[in-house]
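Only the coordinates and a few stated rules stand behind these numbers; no lab work does. Keep in mind the model is a prediction, meaning the values are calculated, not measured. Virtual Cβ from ideal backbone geometry, glycine too; neighbours counted across all protein chains shown.
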Amino acid sequence: MLDPRISIINERLAKIKRIIVVSSGKGGVGKSMIAATLALSLAGDGYKVGLFDLDFTGPSTHIILGVSKSVQPREEKGLVPPVVNGLEFMSLVYFVGDNPAPLRGADVSNALIELLAVTQWGALDYLIIDMPPGIGDAVLDLVRLVKQIEFLIITTPSLLAFEVIKKQMALLCELKLPIIGVVENMKMDKAQVIPQETRRLGLNYIGAVAFDQRVESSIGNPAKLLSTTLGHSMNEIKKALGGKVSCRCR
Amino acid sequence: MHEWALAEAVLASARQIAEQNQLKIVTEVTIRVGALQQVEPPILRFALSQMKEGIFKNSKFRILRAKSTLKCRICGNTWEFNHKKLDKTTSEAIHFIPEAAHSYIKCPKCSSPDFEIASGRGVWLEDIKGVQ
């Protein structure tokens, strides 16, 4: 018995120029906010962009984008993601609604494979993937199944976050996966610990996103989100997307 | 049609196996569809018939059904999935992503949502026959 879905995944993604995985070993660092804002910002520049929420047990990008509950994928030789705020947007929430999705590892893998196999993305310049925290099933499955992924790592200024993220980066480096760089989110001072530590690891420190109280009140309002410090910080990330991608750790 | 995407996956997968086994013609492909995903065999068969070409031009597609068994991880109860007990919206959600079942179904004995999809989840390629 063979699972046929695996064979079609890279064909489904073939028309996507770049797949950016927004990831962090630690939760609560702002992955979803950065993934959604980056996607919106790239779309605002005129790129064709998809946003794929793979945080099945804690999806939140639909809330950030203010996606209406009536929005659903269209059935056409698979599932065509609806366009929301200029983004082709896919999430498990279309199928589970507001209900909890208590999924164990094998279920996470199966749901991820199903969505990768049946989602009919159009031709995209960028697919931004919002990941669950950690280096568990979703990360390992993406690495196993998708050829052309690049990682954007998010941390906070806290060493608690960075120590976990160091483990994630060690794993990605061991697997020789491309890392665009590290973003230090919600920064409230001028401490140089994270930039120094990141560079010491041989990785690109993209920059800091200063803590901005307006971010919380811009949830559900993409235009307002893009006007926050977080929105303006996307310029540095977009610049890094155009730069050399590191896959070496010291 | 969601079945169309699954049919494409079946053919891509069968093509890989045929190449690995140096089959020049595929005579028969056996597919098993689990009850949980509620794939309609006539729709899947139609999609396959519309897409078959090259080594699959004269292939016969056998589509077999499998019951879906769910097993509670808390109390050990095992039960059979029955989509007729669900409303249309829930049924459709599970059709698209079978793991959505965890958001809607609970163990009939202890009400836990922590169950294993023990069998009959989705579409599987069971056998392929051909000529080298």
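Values as computed for the structure displayed
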quantity	calculated
Interatomic Cα distance distribution for segment A:137-250, bins of 5 angstrom, percent	2, 11, 20, 21, 19, 15, 9, 3, 0
Likely footprinting exposure, A:Asp107, A:Asp137, fewest C-beta neighbours within 10 Å first	A:Asp137, A:Asp107
Scattering profile of segment A:67-132 at q = 0.14, 0.21, 0.28 Å⁻¹ [log10 I(q)/I(0), Debye over alpha-carbon scatterers]	-0.45, -1.03, -1.50
Kirkwood estimate for segment B:32-132, i.e. one over the average of 1/r between Cα atoms, Å	15.1
Alpha-carbon centroids, segment A:214-232 and segment A:1-78: separation in whole Å	19
Calculated log₁₀ intensity ratio I(q)/I(0) where the Debye formula runs over C-alpha points of segment A:1-119, q = 0.17, 0.22 Å⁻¹	-0.95, -1.58
Cross-link pairs A:Lys15/A:Lys187; A:Lys77/A:Lys166; A:Lys77/B:Lys57; A:Lys31/B:Lys109; B:Lys88/B:Lys109 - those with Cα-Cα distance over 31 Å	A:Lys15/A:Lys187; A:Lys77/A:Lys166; A:Lys31/B:Lys109
Built amide H within the under 5 Å cut-off of B:Ser119, gap 5+	B:Thr69
Calculated P(r) of the protein assembly as shown - Cα pairs past 34 Å, %	33
Scattering curve values for segment A:83-182, log₁₀ I(q)/I(0), Debye with Cα scatterers, q = 0.10, 0.13, 0.23 Å⁻¹	-0.33, -0.57, -1.40
MRE, 222 nm, helices only [DSSP H, n ≥ 4, -39500 (n - 2.57), over the protein assembly as shown, to nearest 500]	-10500 deg cm²/dmol
Per-residue HN-Hα couplings for segment B:26-41 [Karplus 6.51, -1.76, 1.60; θ = phi - 60°; Hz; x = Gly/Pro]	9, 8, 8, 10, 9, 10, 10, 10, x, 5, 4, 7, 6, 6, 7, x
Zone of A:Lys176's modelled label, taken as backbone nitrogen in segment A:126-168 under 17 Å from a point 7 Å along Cα→Cβ	A:143-151
Rough spin-label spacing in nm, given labels placed 7 Å along Cα→Cβ, for B:Glu19 and B:Ile74	4.7
Spin-label model distance (nm) - B:Gln132 vs B:Thr27, 7 Å beyond Cα toward Cβ	1.4
Between segment B:94-125 and segment B:25-70, the Cα center-to-center distance that results, in Å	22
Test item: B:89-100 mean partner chain Cβ contacts at 10 Å	6
Max mean-square fluctuation residue, GNM over chain B, Cα-Cα springs under 10 Å, options B:Ser112, B:Ser68, B:Ser59	B:Ser112
In sequence order, calculated HN-Hα J values of segment A:91-100 (Karplus, 6.51, -1.76, 1.60; Hz; x Gly/Pro)	7, 5, 4, 4, 9, 10, x, 8, 6, x
Simple label model, 7 Å out from Cα along Cβ direction - A:Gln196 to A:Asp3, nm	4.5
Proximal aspartates and glutamates to B:Lys71, defined as alpha-carbon separation beneath 12 angstrom and excluding residues fewer than eight positions away on the same chain	B:Glu80, B:Asp114, B:Glu116
Sequence of A:Phe95, A:Phe162 once ranked by neighbouring C-beta atoms within 10 Å, starting from the fewest	A:Phe162, A:Phe95
